[in-house]
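The values are calculated or read from the model by the stated rules, or taken from the named source; none is laboratory data. Quantities reported herein were computed from a predicted structural model and do not represent experimental measurements. Cβ coordinates were reconstructed from backbone atoms using ideal geometry, including for glycine residues, and neighbour counts include every protein chain displayed. Areas reflect the complete protein model, heavy atoms only, side chains present, ligands, DNA and RNA absent. Shrake-Rupley method; radii C 1.70, N 1.55, O 1.52, S 1.80 Å.
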Amino acid sequence: MDYIMRKKDYSNHNINNIGAGRTCNSAFFCLQAICGVISFILPISLFLLTLSSCSDASSADIETDSVAGNISQALCSDSLIKQAERDFNTEIEYYLERHNVDDEGYEMVANFANGKRHRTTIDTIAITNIGRWKDKKRQGTAISRDSLGRITIGNWDNDTLTSGIRIDSGGTYIGAFSGGRAGKITDAKAEGHGAYIATTGHYFEGHWNNDQRQGFGLQMFENEVMTMLKTGHWQNDVFKGERLNYTSERIYGIDISRYQHGKGRKKYPILWNKLRIRHLGSRSKKTISGTVDYPVSFIFIKSTQGISIRNPYYAYDYAAARKQGIPIGAYHFFSTKCSGAAQANYFINSTLFRSGDLPPVLDIEPTDRQISGMGGSKAMWNHIRTWLQAVERRCGVKPILYVNQRFVNKYLPDAPDIKRDYKIWIARYGEYKPDIKLVVWQLSPDGRVNGITGDVDINVFNGYRTQFDEFLTKECIK
């Protein structure tokens, strides 16, 4: 059963209807619907709260006009609504194409794509009363204020706030709470499932603990420049990344060089007819469903380095992998000691390029000192551009960049055109999937493969069979 079938009813959502003219399906929590509610509730709740606590409230506690005006005006801004609609489809499509029901949080994201947002139901109360009480304890619906001056309209049970809507200067939280009342002040924190709609246009839905995002969640960032969807785990309000569930349905591959043939005087043959991935490496914690016994679905083989180093096993490995019907590609290890043009010529003259081969790869792993010695980041990127353009002219396809997470964070922002125009293969040996749109993730350097002696780099394609087949059709050498 392929990826599309596994998406269950979520594959039937009409992604084309998410966007213009359908604000309730935007990244906001139905902005047009809640704007009127907040504009009505907030001034009333602030006014009532001010009356109820005028004996101990200072002018710094609550500024009713400014808070109400800022929140309602920001939430109801047409520009924010248009931002939410502009790139929402692209982000959602990207996620749904590369995940299925086996992935953690898939149902939450699919519901989000279908326009469902987290809601909380609150009973109505009389405008002459700010809450219901039983035996001197809050019971039912009440309006309250906490020690930070945040307003909550929520459901209470035996003086404990269980769910509601909390409004602050940054936005609105809707969801579960834990905690109760300490004297006249509400001491309750966001706890459990909830959503936060920020006045900046960001939307978060997921698990909370002690007023912080904790556990799985999704967040849609929006501004005038871009829309970006993040899904994965938060820890103490910090986004850590997405944890993959490794199953037999994912697409796994390896990359090899001369080191897979032995070290020193010890030489080992690769048994090409026995290749099976049997271990995903021990560098990080992994969630694995079933037994690790995966076919090798693609291979990248080192061809050259700089302008003087060739992999002596490249031609043999290329022929053997091709005989087994495994999609193969070649990579070049970039050197900061020679020009991009010279390295491109060396790679082109030393490498085989045939129809059906994977795109060539530029392996970029320089240290800060090496980059400085080459003339800095700008000079390095100029050499990289030269290499990419020369190899693309020879092969007819755009090469892939192999980088690590630190390089992405520190140097890729200096080359926005490269980030935009070229696919990324990233090495990151942690628990979480890299926070970047990528084509391949090298998840460990110490995997085990039947037929190969010693450690092997294990890679996973970002997507499932449908996306991999599409990649082979569109991106490989013609």
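Points to keep in mind about this one:
- The strands (runs of 3 or more DSSP E) found wholly in region 103-176 and carrying at least 3 residues that are open to solvent by less than 20 Å² (accessible area, probe 1.4 Å) and modelled with pLDDT of 80 or more occupy 137-145, 151-157, 160-168.
- Test: residue in region 334-346 that is touching a Phe, Trp or Tyr at 6+ places or on another chain (Cβ under 6 Å), among the hydrophobic types (A, V, I, L, M, F, W, C) and under 22 Å from Gly447 (Cα atoms): no
- When restricted to residues that are out of contact with any Asp or Glu (no Cβ under 8 Å at 6 or more places or on another chain) and open to solvent by less than 70 Å² (accessible area, probe 1.4 Å), region 259-286 contains 7.
- Per this entry, Arg406 is not counted among residues that are over 23 Å from Trp234 (Cα atoms), free of Cβ contacts under 8 Å to residues at least 12 places away in the same chain and within 19 Å of the chain's Cα centre (by Cα).
- When region 425-471 is limited to residues that are among the basic types (Lys, Arg) and in contact with a strand residue (DSSP E or B) (Cβ under 8 Å, 6 or more places away or on another chain), the one that is most open to solvent (accessible area, probe 1.4 Å) turns out to be Arg448.
- Scanning region 380-420 for residues that are crowded, with 16+ Cβ neighbours inside 10 Å and part of a loop (DSSP other than H, G, I, E, B) yields Val397, Lys398, Pro399, Tyr411, Ala415.
- You will find that of Thr453, Thr386, the residue that is touching a Gly at 6+ places or on another chain (Cβ under 9 Å), among the polar types (S, T, N, Q) and within 18 Å of Ala344 (Cβ to Cβ) is Thr386 and no other.
- Test: residue in region 173-183 that is more than 21 Å from Asn236 (Cβ to Cβ) and among the polar types (S, T, N, Q): no
- Any hit, region 177-190, residues being surrounded by 17 or more Cβ atoms within 10 Å (Cβ to Cβ) and touching a residue at least 60 places away in the same chain (Cβ under 8 Å): no
- Count of residues meeting criterion [in contact with a strand residue (DSSP E or B) (Cβ under 9 Å, 6 or more places away or on another chain) and either surrounded by fewer than 18 Cβ atoms within 10 Å (Cβ to Cβ) or at pLDDT below 95 (or both)] in region 357-378: 1
- Single residue of region 333-347 satisfying the filter (crowded, with 18+ Cβ neighbours inside 10 Å and in contact (Cβ under 8 Å) with a residue 40 or more places away in the chain) that is farthest from Gln389 (Cα to Cα): Thr336
- Of all residues in region 298-318, those satisfying the criterion of being open to solvent by 20 Å² or more (accessible area, probe 1.4 Å) and part of a loop (DSSP other than H, G, I, E, B) are Ile307, Ser308, Pro312, Tyr313.
- In region 421-478, residue farthest from Ile301 (Cα to Cα) [restricted to those that are among the polar types (S, T, N, Q) and either in a strand (DSSP E or B) or in contact (Cβ under 8 Å) with a residue 40 or more places away in the chain (or both)]: Thr466
- Scanning region 246-277 for residues that are touching a strand residue (DSSP E or B) at 6+ places or on another chain (Cβ under 9 Å) and over 22 Å from Lys323 (Cα atoms) turns up Tyr246, Thr247, Ser248, Arg250.
- Against the list (1) surrounded by fewer than 19 Cβ atoms within 10 Å (Cβ to Cβ); (2) in a strand (DSSP E or B), the condition Ala330 fails is (1).
- Pairs where the first residue, in region 193-208, is within 13 Å of Trp234 (Cα to Cα) and of a type in the set (Gly, Ala, Ser) and the second is assigned to a loop (DSSP other than H, G, I, E, B) and open to solvent by 10 Å² or more (accessible area, probe 1.4 Å), C-beta under 7 Å, 6+ apart: none
- Of the residues making up region 219-228, at least one is without any contact (Cβ under 8 Å) to a residue 12 or more places away in the chain, farther than 29 Å from Val449 by Cα and of a type outside the set (Lys, Arg).
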